[in-house]
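J.: Pasting a structure below so you can have a look.
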Amino acid sequence: MNVEIALDQAAAAIGSASVVALACHVQPDGDALGSMLALHGLCRSNGKASVAAWPEPDHVAPHYSFLPGLDTVTKVSDFPTEPEVMVTFDCGSMARLGSLGQAARRAGQLVVIDHHASNDRYGSINLIDPDAAATAVLVRRLAARLGWALDRDSAECIYTGLVTDTGRFQYSNTTPEVFALAEELAGFDLPIASMTRELFEKSRFVYLKLVADVLARAELDESMGMVTAWVTAADLSRHGVDLDETEGLIDLVRRTAEATVVVVAKEAPEGTRVSLRSVEGPDVGRVAQTLGGGGHRYASGFVTTLGIGEALAAVRRALQAGGV
């Protein structure tokens, strides 16, 4: 579907709904949370009733705790079971909605807002633009299509999505459109310095100790240009670190000069979470897709029931099969 047509259809669906149900993927990141909370706040400030939630576990990583609107999020148990209109954010598949998937299947209209090329297009309206730097970019376009002016809170949420998914404007998806949007958002007198500290630069000392252990045993395969690192449940327990606190770990590993591919595996309650980054190397989005996940050419991930060692071996095989 043409993006402009999808924008019109999404705006019409939201505009005509009595209540809009908003959801993002399990273990939401900055783009998912920022996008959802931005539209949630805009709905409310424009007289449109809305509810917002994400699947269990219902907590977020501490570096997102400053986001405006977090205190207005609905418990999953209170989320509509058959929403008139439901909107999902940054969520590539129905499976990523976890316990909210049933509500999505029963929704009268399901609007999917995303920028991942690997999106399953599971909605009745699919507002998907792989050329957009972040889902938050599409939320800004949608607000304009609805005729809703931004306020400081929505600007802060959209900026969070934009800055996290462009890696602080360092990744290849940092386009002139990204800088133009950042300029607009900064015009709302955002606390950019404190936001940057919260999002990227502040960690508990126990997390730094865990990072020291993880980096000490990281492995470099120079023949493949691949660096691997992993976090076990025992690591988390020993250091008293929550799994969500380790979100930025892969960005540290990604600094390896010899790396074209970076892989970080983590033991999680649902299995092994694997994150992949390509540093001007192979398309890790395709690699993740072959292993049941998705993402972009330069950033992707998947969850597997395999153990850490087996999961890393599966990534290695997939990369070798792709000619790496």
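Just so it is clear, none of the values below were taken in a lab; they were calculated from the coordinates. Everything numeric here is computed off the predicted structure, so don't read it as measured data. Positions of Cβ are generated from backbone atoms using ideal geometry, with glycine treated the same way; all protein chains shown enter the neighbour counts.
J.: Going out from 0 in 20 Å bins, what whole percent of all Cα-Cα distances in the chain drops into each bin?
T.: 33, 59, 9
J.: When we measure straight from the Cα of residue 75, which lysines land under 20 angstrom away, once same-chain ones fewer than 8 places off are left out?
T.: Here the lysines satisfying the reach criterion relative to residue 75 are 48.
J.: Still on this model: Hey, could you get me the Stokes-Einstein D for the stretch 205-321, Kirkwood radius over alpha-carbon pairs, 37 °C and 0.692 mPa s, rounded to whole µm² s⁻¹?
T.: For the chosen part, D equals 234 µm²/s.
J.: Please give, to one decimal in nm, the separation of the simple spin-label points placed at residue 252 and residue 105, each 7 Å out from Cα toward the Cβ.
T.: It is 4.1 nm.
J.: Largest first and in whole Å, what are the equivalent-ellipsoid semi-axes of the stretch 146-254 based on the Cα gyration tensor, each being the root of 5 times an eigenvalue?
T.: Equivalent-ellipsoid dimensions as semi-axes: 33, 19, 10 Å.
J.: Mark the label point 7 Å from the Cα of residue 320 along Cα→Cβ and return the residues of the stretch 214-245 whose backbone N is within less than 17 Å of it.
T.: Taking a point 7 Å out along Cα→Cβ of residue 320, the residues of the stretch 214-245 whose backbone N falls under 17 Å are 220-228.
J.: Measure nothing but the geometry: give the 0 to 90° angle between the long axis through the Cα atoms of 176-186 and the longest principal axis through the Cα atoms of the chain, rounded to 10°.
T.: It works out to around 70 degrees.
J.: So if I take the centroid of the Cα atoms in the stretch 220-282 and the same for the stretch 1-70, what is the distance between those two points in Å?
T.: 29 Å
J.: For the chain, find the longest principal axis of its Cα atoms and tell me its angle to the long axis of helix 152-165, 0 to 90°, nearest 10.
T.: Here the helix axis deviates by roughly 30 degrees.
J.: Name the lysines eligible as straight-distance cross-link partners of residue 202: C-alpha to C-alpha under 24 Å, and not fewer than 8 places from it in the same chain.
T.: 266
J.: I would also like to ask the following. Between residue 72 and residue 49, what is the label-to-label distance in nm when each label sits 7 Å out along the Cα-to-Cβ direction?
T.: Between residue 72 and residue 49, the simple spin-label model gives 1.5 nm.
J.: Show me the GluC sites (Glu not before Pro) within the stretch 165-270 that DSSP assigns to loop and that have at most 13 other Cβ atoms within 10 Å of their Cβ.
T.: Answer by residue number: 222, 258, 270.
J.: Place a point 7 Å from Cα of residue 5 in the direction of its Cβ. Which residues in the stretch 117-150 have their backbone N less than 15 Å from it?
T.: Those under the cut-off are 124-129.
J.: Counting pairs of alpha carbon atoms under 8 Å apart in space and at least six apart in sequence, what relative contact order in percent does the stretch 205-321 give?
T.: This gives 19 percent for the stretch 205-321.
J.: So between residue 189 and residue 59, what do we pick up on full extension, going 0.36 nm a residue minus the alpha carbon distance?
T.: Length gained, residue 189 through residue 59: 44.0 nm.
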